[in-house]
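Working notes for the structure below.
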4 protein chains.
Amino acid sequence: MKMFKSDNTASVHPLIMAKLAEVNIGHADPYGYDPVCLEGEKKIQALFGTDCFVSYVLNGTGANVIGLSTIVKPFQGVICADTSHINEDECGAFERYTGAKLLTVPHKNGKITPDMIRHHLHALGNEHHSQPKVISISQLTEWGTAYTLEELKTLADFAHENGLLLHVDGARIANAVESLRVTFKEMITDTGVDVLSFGGAKNGMMYGEAIVSFHQSSAVDLKYSRKQGMQLMSKMRYIAAQYSAMLEDDLWQTNAANANARMAQLYRGIKDISAIKVVEIPEGNMLFVKLPLSWIKSLLKTHYFYPMTEEGSVGMVRLVTSFDTKEGEVAQLVADVLTLSKQ
Amino acid sequence: MKMFKSDNTASVHPLIMAKLAEVNIGHADPYGYDPVCLEGEKKIQALFGTDCFVSYVLNGTGANVIGLSTIVKPFQGVICADTSHINEDECGAFERYTGAKLLTVPHKNGKITPDMIRHHLHALGNEHHSQPKVISISQLTEWGTAYTLEELKTLADFAHENGLLLHVDGARIANAVESLRVTFKEMITDTGVDVLSFGGAKNGMMYGEAIVSFHQSSAVDLKYSRKQGMQLMSKMRYIAAQYSAMLEDDLWQTNAANANARMAQLYRGIKDISAIKVVEIPEGNMLFVKLPLSWIKSLLKTHYFYPMTEEGSVGMVRLVTSFDTKEGEVAQLVADVLTLSKQ
Amino acid sequence: MKMFKSDNTASVHPLIMAKLAEVNIGHADPYGYDPVCLEGEKKIQALFGTDCFVSYVLNGTGANVIGLSTIVKPFQGVICADTSHINEDECGAFERYTGAKLLTVPHKNGKITPDMIRHHLHALGNEHHSQPKVISISQLTEWGTAYTLEELKTLADFAHENGLLLHVDGARIANAVESLRVTFKEMITDTGVDVLSFGGAKNGMMYGEAIVSFHQSSAVDLKYSRKQGMQLMSKMRYIAAQYSAMLEDDLWQTNAANANARMAQLYRGIKDISAIKVVEIPEGNMLFVKLPLSWIKSLLKTHYFYPMTEEGSVGMVRLVTSFDTKEGEVAQLVADVLTLSKQ
Amino acid sequence: MKMFKSDNTASVHPLIMAKLAEVNIGHADPYGYDPVCLEGEKKIQALFGTDCFVSYVLNGTGANVIGLSTIVKPFQGVICADTSHINEDECGAFERYTGAKLLTVPHKNGKITPDMIRHHLHALGNEHHSQPKVISISQLTEWGTAYTLEELKTLADFAHENGLLLHVDGARIANAVESLRVTFKEMITDTGVDVLSFGGAKNGMMYGEAIVSFHQSSAVDLKYSRKQGMQLMSKMRYIAAQYSAMLEDDLWQTNAANANARMAQLYRGIKDISAIKVVEIPEGNMLFVKLPLSWIKSLLKTHYFYPMTEEGSVGMVRLVTSFDTKEGEVAQLVADVLTLSKQ
């Protein structure tokens, strides 16, 4: 049985498991100072086409918070969409660890733009207000959309012109890169992103994440903040090995392509049903739709997904496809929805 | 020359100064363990009609943050208006000291209501979200309005029914009490407020604030959090003395009454000018109005007030009266505005 | 090649790897709400013979800090040996995350006793001092010794009589349990420990740790603090599975027994060499010895271990055996030392 | 009745009170942006003979913590004597606000030297350890001694040679300057101190402290950290005025000279009594002596001082003189001690 709840309900890709077994030989220096970690780092640098700084951490919240901790002081602020994961879904991890403030703005299609951000700059120099220092976005966004290269570059330029930095929460970065048919280098390095949370667990890995920093002067702090932030593990080679496997023969792409294709199949199957309201056209592997409550109740008997229960969101469901979602599984879900639509 | 910028531009009331001189005799135990502090505490308890817990601190931000720190854990959240002082004007002090999160809601007339708050309760029990624990409001609000006793009681009841507590930022509490013609006991104790920041500097004191807690189980932590929060001073009697002076012969009321009366005079004088847009009818000593930019420029030559410069607020000015604002000073400002309106 | 640097240089035990493969089937609810996690929890509860609260986290620092965070307020303090891992080797993680203070005392044989701690109690009730609330010890200690059951009970009783709690950093708890030939229940549950960091990575696991709390009233906060502390992972079943494997057929004991036996072999082999000074008789799998500097230089050519370089510790080396250390490997090290001793 | 408990039990010097009245005229811009604040700043800069950065705060703990917060990152550490005020008497304020660690060393005569500190440098570059960044000392020390200019310069040079900074807690800096018969410039500016907490409340002020920073690149953060640290007050002119008064006609020196002279009188009077053990020869206004317990009990009937109660310190008392301690008051205490010594 497959779930459409989230891409983190999936198991681990067999090639990742094979790689874990492959590096499970003998002793190695702990804490990242071993050949497997170095190999992973070199592969990631090759992917981004530059000698970026790579710091493995344990999970997505860790990547976001530790990465941001090196570029924001406690009296500064991070501008982000009100829907961003760091604001909505990390139980205040950012605030507690960094002591800094999230300066939220309402999103549009999950995205934010310079025009939506600019009013926060009036606070610059006024000690009564947290000083804006970073813009943080998610790619894919929390609404399943993808910033275009132009949108990314515009945000990065706006940030840099105003003395700010650009951070990207890339929990689903592979889905975005695959969706736009570009390279990681084009999407991240060339647009001017400063720090990226390079996710993997939602694309077939078991655990682990990589902070990729293009902001060399702050990157030297990463190793200390990672340790103080409880994100350093002893047997680090088992995270690096997973990244190595993901970057061999473009496994990241194979996985993301399947998830995206299954989402496209799902979207095509239900988009013309009049009782369904699609919130945003999916650009990756995530879709929000509004359904009649009775349909949700019926579908939950044989399918697993996340019905939103917040006030104002009743009737909304989130559907996510994974690297291992099968064509037939999507077809079954579509068929069941169609059946409901004809009753 | 008087300012209409804020009630914290005023000097110190002569009776407060006299009291400071009066207690300036001989040695006394430091850190609040002296007779002057005890006397102040007893007067405050009498004012609220109950044996509330009194903790003197150094300033308003300190009162808000230390008071809240005893009733919120780091993984919890404080629901407040987006315009609240703790969110907008304290440079992230709350987040840094408590590690907890502010859960903001858009205000209406500076106020928030249960209906505007309720959606935050969906997060209860879900570890991905900061757990709502406190509702914090300002009385007067940041928009110069005052919650009625009914509104306060409704909020307190809603909070308690849902396992939350009610905190009041009372930087201008005296102006609110005077405006509603009630007592402190009726406004705070009887409505069910749990913790109050009892301000004084905006009503004629030199410095110092009092945290007044009605939540006995958490109040025992106040003395430790006050010290750790850098809000304990050695010669504490000089804060207590100011509160004693404020509560003698109702000096707090005399001061607030003057500030409120001068604001009423100002409002009456300009409210019918068609080019002026009053944001909220002032219920205390603070008024926001929108004026033509040319008028602002002209008025700033001889008057001192705060023109807002944030995007969307251009043309808005904040006018605040103080305990020492003179009738003639308001009359002059009104006359100058009227002159501009006739050009 | 095997290392004697640390027990975290080892690879992952084959049975752990097999278990990871075994649970790598299909989708499962994330964040710990799946059958594999429940099974692991039940096994751990059985091990301790009580319905303790189990919270999986990502690493040892996470276990220590998150576990302590639920039983200490920021203005309180944790009494610990100056050599403790939380004080010396976690880059200030405890202080940053909890805001509280470590109250260190000099150790004896790596251990602390009520007599060494008692003077910290004078601070109780005095707001100028962090309020002692927890005693934290390591078992094995950082010097390779093991507290006896009597010593543990004495500490727990002392703590409870004074309103404190007892926390145990059990990074090497299996080695201690095996060394004393007791059960986990006897060592932890029955002595009165309140919170335990139940380590596994040093005994053959890949990653992950379990906080085991016997202090029910604070345990409810664990799930929130774990998330806020960046220690919640989505695919949690892969941590739980490792614990399940460790507790099947007493794998934990097999592993610890080998590590301890190899250390005993090593100790027997070198203890009578006059030029070597053994710091503490090893009671688990860790040994500190002082060697001539020339020997260290020579041994490092073919063996891997950690020579201490701190002032006052020059000439000291730490030797640690692992679940996979072979008898012949130890024999070779002993032989090489003996050769040096005869030159 | 005068106390020998602490110099913060004294009242406020009449010239300070007069100055507060003098500036209590009309309105002024809040938060430090007024002429009185500027005047105070210029006087302080003149005192130190350089354009140092001056930031008024509310109390001594605030000065220490906010000052340090601008020169230490959370993963770094501050080396200090175990007896230092920031370590022993501020309830963990430093740790909570900065997230960083205090790296304590045992003191000698209240002082620390490079030789006592050097071993902490082995941690540099190792992410498992808080990175040493600041050396913090107190002048006067907590044991009533004063670092000589040579000792200060040696510490500053050692710090700078190793990439560290030197912070001075100057709660009793005036007593030290007066004791050594040097200038503030010679003691602080010329020796190479980076950040000073310039205290006043223990030398006749009512409240307030000044952070004086000679480290220009970090000083720009002071205004933000002061606000976020709850140490900004609205009517700031009343702190600045006190500093102005202290620096007019060398009031600081008059006050410190009296306190020091009275301590010298006290010391001369009792030093030769055989039953009394003087801990350190007082170099300012503070003395620790060990007395028979029966004497302490007897003296406490008519004198007020602080008997230490920590284990190991029983029988020790702290005696402090103030700006307003009278010759006759000291004579009476000496006489009473002499009487006891003859019984």
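Structure data summary
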| item | result |
| --- | --- |
| Only Lys, Arg (+1) and Asp, Glu (-1) charged, at Cβ; the protein assembly as shown dipole about Cα centre in debye | 0 debye |
| Selection from A:Thr154, A:Gln76, A:Ala245, by position along the positive dipole direction of chain A (Cβ) | A:Ala245 |
| Coarse-grained scattering of chain D at q = 0.11, 0.14 Å⁻¹, given as base-10 log I(q)/I(0) from a Debye sum over alpha-carbon atoms | -0.73, -1.13 |
| Nitroxide proxy distance, nm - points 7 Å out along Cα→Cβ at A:Leu124 and A:Lys153 | 2.3 nm |
| Given charges at beta-carbon only (K, R positive; D, E negative), |dipole| of region D:141-231 in Debye | 460 debye |
| Of the DSSP H helices in chain C, those whose Cα atoms cover at least 27 Å axially and whose Kyte score averages -0.5 or more | C:251-270 |
| Shortest-first distances to equivalent copies, position C:Ala21, nm, label 7 Å out along Cβ | 0.3, 9.0, 9.0 |
| Farthest toward positive dipole pole in region C:93-238 [+1 Lys/Arg, -1 Asp/Glu at C-beta], among C:Gln131, C:Gly200, C:His119 | C:Gly200 |
| Residue of B:Asn285, B:Asn255, B:Asn126 that the Gaussian network model of chain B assigns the largest fluctuation, springs spanning Cα pairs under 10 Å | B:Asn126 |
| Loop trypsin sites (Lys or Arg not before Pro), region A:286-331, which have at most 13 other Cβ atoms in a 10 Å radius of their Cβ (DSSP) | A:Lys301, A:Lys326 |
| Sequence of A:Ser341, D:Ser294, A:Ser322 from largest to smallest accessible area, 1.4 Å probe | D:Ser294, A:Ser341, A:Ser322 |
| Spacing of the two label points (7 Å from each Cα toward its C-beta) at C:Ser341 and B:Lys326, in nm | 9.7 nm |
| Percentage relative contact order, region C:137-250, counting C-alpha pairs under 8 Å, at least six apart | 21 percent |
| Signed unit charges on C-beta, dipole axis of region A:149-304, positive-most listed residue A:Phe214, A:His303, A:Thr183 | A:His303 |
| Largest to smallest principal axis extent of the C-alpha atoms in the protein assembly as shown, angstrom | 88, 82, 52 |
| Computed [θ] at 222 nm, deg cm²/dmol, chain A (DSSP H ≥ 4; -39,500 (n - 2.57); rounded to nearest 500) | -11000 deg cm²/dmol |
| Per the axis that maps chain B onto chain C, nearest residue of B (Cβ criterion) and its distance in Å | B:Gly99, 3 |
| Copies compared at A:Ala46 - label distances in nm, ascending, label defined 7 Å from Cα in the Cβ direction | 4.7, 6.9, 8.2 |
| Choice from C:Gly284, C:Gly315, C:Gly200 showing the highest fluctuation, given a GNM over chain C with Cα pairs closer than 10 Å | C:Gly315 |
| Shape call, region C:133-205: gyration tensor on alpha carbons, a/c limit 1.5 | prolate |
| Shortest-first distances to equivalent copies, position B:Asp89, nm, label 7 Å out along Cβ | 3.5, 3.6, 5.0 |
| Within chain B: Cβ-based charge dipole about Cα centre, in debye rounded to nearest 20 (Lys, Arg +1; Asp, Glu -1) | 760 debye |
| Rounded, prolate or oblate (a/c below 1.5 giving rounded, otherwise prolate when a/b exceeds b/c) for region D:173-218 by Cα gyration tensor | oblate |
| Heavy-atom SASA rank of C:Thr70, A:Thr113, C:Thr141 (probe 1.4 Å, accessible area, largest first) | A:Thr113, C:Thr70, C:Thr141 |
| Whole-number percent relative contact order across chain C, with pairs defined as alpha carbons under 8 Å at least 6 apart | 24 percent |
| Out-of-range pairs (alpha-carbon distance over 27 Å; input A:Lys227/C:Lys223; C:Lys297/D:Lys153; A:Lys19/C:Lys297) | C:Lys297/D:Lys153; A:Lys19/C:Lys297 |
| D:Ser69 accessible area, 1.4 Å probe, all protein chains in place, Å² to nearest 10 | 20 Å² |
| Anisotropy class of region D:225-343 from Cα gyration tensor, a/c 1.5 cut | prolate |
| Spin-label pair D:Phe305/C:Val220, simplified geometry with 7 Å Cα→Cβ offset, distance in nm | 5.2 nm |
| Amide proton proximity set for C:Val57, modelled H, under 5 Å, gap of 5+ | C:Glu209, C:Ala210, C:Ile211 |
| Neighbour cut-off at most 14 other Cβ (10 Å), DSSP loop, GluC sites (Glu not before Pro), region B:263-339 | B:Glu310, B:Glu311 |
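The values are calculated or read from the model by the stated rules, or taken from the named source; none is laboratory data. Keep in mind that what you see is a predicted model, and the values were worked out from it rather than measured. Every residue, glycine among them, receives a Cβ derived from its backbone with ideal geometry; neighbour counts consider all protein chains shown. These area figures cover heavy atoms from the full protein model, side chains too; ligands, DNA and RNA do not enter into them. Shrake-Rupley method; radii C 1.70, N 1.55, O 1.52, S 1.80 Å.
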